[in-house]
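The values are calculated or read from the model by the stated rules, or taken from the named source; none is laboratory data. Being a predicted model, the structure only gives us computed values, none of them experimental. Glycine also receives a Cβ, built like all others from the backbone with ideal geometry; neighbour counts cover every protein chain displayed. Accessible surface areas use protein heavy atoms only, side chains included; no ligands, DNA or RNA. Shrake-Rupley method; radii C 1.70, N 1.55, O 1.52, S 1.80 Å.
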Amino acid sequence: MAFLSSVQGGAGRGRAVALVLSRLAFPGLVTLAALAVATPCGAETLKANFALSLLGLSIGHASASGVIEGRSYRIDISMRTTGLASLVNDTRGAATASGALSSEGLTPTSYANTTSNTYETRTVRMSLAGNSVRAVHVDPTPWDLPVRIPVTEGNKSHITDPVSALIMSVPASEPLVGPSACNRTIPVFDGVTRFDVTLSFVEMRNVETHGYSGPVSVCAARYRPIAGHRPDSASTRFMAENSDITVWLAPLQTAHAVVPYRMALRTNVGMLTVEPAEFHLGGRRQAADRSSADRSAPERSAADQ
């Protein structure tokens, strides 16, 4: 799950939101109205809509959908700023990743990401094999690339992409809620920067939102830049020193993995939160049951009258 990179004031706030979502993560870090994911029996799905807020004020929304079928997976995420935030910096983004899933974890094969704000649009496309980058194309190339810390070939090995990082495998012998869900270091390469996200267990909680009711693991998160960033970047230094970042992880039973449910991090202008408005986990059978229940409710109401 990977998230965090540069969080800065002014116009950078909109870009920071896009970075946070595309790298954790969760997200990154979610509203996808009426999203329907067609899945065969045995497949496990994720469909989530999230609300973004800064200092308690709504600044945008994001969506995430995914399917794990057998030994393959695909994840799609999108986000955009709204309201006053879009007046400061109209930011939007979409990303997708796919690959294979085994007992060792995820092995991504493709990743694509397009983000745009008031100032530019950037597209990243990457192909991978064996958790190493085979090819990467970034358009446009960052204007300050010559002064960034060079990304070596070694930095592109034993990594995952920011979207694939949203699904975190848990060893089969370990429970899906508790320390085994959190305690890990995620090596991420987003096509430009290489960084680690380290998660550590804090506590377990029970949550309830539309589509999900159950336990989650609360993890503390730390961001460690490795390459591809500017050594003089105040925003990168801020995030590297930021100890006020939490991620809540929900269990995927069939895949024996966890995915982000909620995220909060301190920026230099206040707390940024990504809260679920809708969060569905399950397969085709569960989705069909929910749909049938939704359709039958009005019929029962009419009959009662």
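Residues that are loosely packed, with under 13 Cβ neighbours inside 10 Å and in contact with a Ser or Thr (Cβ under 6 Å, 6 or more places away or on another chain), at least 1 per element: which strands (runs of 3 or more DSSP E) completely within segment 98-163 meet that?
Values: elements: 105-116, 121-129, 132-139.
Answer list for segment 98-163: 132-139.
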With the first residue restricted to segment 223-242 and required to be more than 20 Å from LYS156 (Cβ to Cβ), and the second required to be assigned to a strand (DSSP E or B) and open to solvent by 20 Å² or more (accessible area, probe 1.4 Å), Cβ contacts under 8 Å at 6 or more apart or on different chains are MET239/PRO225; ALA240/ARG224; ALA240/PRO225; ASN242/ARG222; ASN242/ARG266
Checked SER235, SER200 against criteria (closer than 29 Å to SER132 by Cβ and out of contact with any strand residue (DSSP E or B) (no Cβ under 9 Å at 6 or more places or on another chain)); the one match is SER235
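Return yes when THR185 is under 16 Å from the mean Cα position of the chain (by Cα), under 24 Å from VAL67 (Cα atoms) and open to solvent by 40 Å² or more (accessible area, probe 1.4 Å) and no when it is not. It would help to see each step written out before you state the result.
Details: under 16 Å from the mean Cα position of the chain (by Cα): yes; under 24 Å from VAL67 (Cα atoms): yes; open to solvent by 40 Å² or more (accessible area, probe 1.4 Å): yes.
Spelling it out, THR185 is indeed under 16 Å from the mean Cα position of the chain (by Cα), under 24 Å from VAL67 (Cα atoms) and open to solvent by 40 Å² or more (accessible area, probe 1.4 Å).
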In the set SER110, SER116, the lone residue that is among the small types (Gly, Ala, Ser) and within 24 Å of SER72 (Cα to Cα) is SER110
Scanning segment 207-235 residue by residue, the ones that are touching a Ser or Thr at 6+ places or on another chain (Cβ under 8 Å) and within 25 Å of SER65 (Cβ to Cβ) total 4
LEU166 fails exactly one of (1) at pLDDT 95 or above; (2) on the phi < 0 side of the Ramachandran plot; (3) surrounded by 15 or more Cβ atoms within 10 Å (Cβ to Cβ), namely (1)
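Looking only at segment 60-74, count how many residues are buried (at least 21 other Cβ atoms within 10 Å of the Cβ) and either at pLDDT below 90 or within 21 Å of ASP161 (Cα to Cα) (or both).
Filtering segment 60-74 down to residues buried (at least 21 other Cβ atoms within 10 Å of the Cβ) leaves 60-68, 73.
Applying the additional criterion that residues be either at pLDDT below 90 or within 21 Å of ASP161 (Cα to Cα) (or both) yields 62-68, 73.
Total satisfying the criteria: 8.
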Scanning segment 211-261 residue by residue, the ones that are in a strand (DSSP E or B) and either open to solvent by 40 Å² or more (accessible area, probe 1.4 Å) or not aliphatic (A, V, I, L, M) (or both) total 16
